[in-house]
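Data first, discussion second: the structure below is written as structure tokens.
Every read-out reported here was derived from the displayed coordinates using simple, explicitly stated rules and does not represent laboratory data. For clarity, every value in this text was computed on a predicted model and none was experimentally measured. Here Cβ is always computed from backbone atoms with ideal geometry, including for glycine, and neighbour counts include all displayed protein chains.
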Amino acid sequence: GVPEADQLELFRILAAILHLGNVVVRRRDRRGDGCFVEPADESLGLFCTLLGIEASQMTRWLCHRK
């Protein structure tokens with residue numbers, strides 16, 4: 001009963017969430033206080049493409065608590 005356009009939108013969002021789970025977040029130092037995500041991370045690129053957001057902004061917000 002869900003229109004095809006809505007189904008495709010839901011699948012796109014679900015695919016983005018699944019790709020986000022594959023993004024590798026690495027710690028910056030031994031204490032584990034800082035972290036970073038490689039800008040060339042393929043899963044991050046797919047996530048951002050699917051949702052139409054900038055990878056640089058997503059990388060920033062994955063590693064900052066505010």
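Observations on the model:
- Cross-chain or 6+ apart pairs with Cβ under 6 Å, segment 33-61 first and surrounded by fewer than 16 Cβ atoms within 10 Å (Cβ to Cβ), then assigned to a strand (DSSP E or B) and not small (Gly, Ala, Ser): 35/25; 35/27; 36/26
- Residue match in segment 1-14 (condition: of a type in the set (A, V, I, L, M, F, W, C) and in contact with a strand residue (DSSP E or B) (Cβ under 9 Å, 6 or more places away or on another chain)): no
- Tally, over segment 35-66, of residues that are under 11 Å from residue 20 (Cβ atoms) and of a type outside the set (A, V, I, L, M, F, W, C): 2
- Scanning segment 21-32 for residues that are touching a Phe, Trp or Tyr at 6+ places or on another chain (Cβ under 8 Å), surrounded by 12 or more Cβ atoms within 10 Å (Cβ to Cβ) and part of a loop (DSSP other than H, G, I, E, B) returns a single hit, 23.
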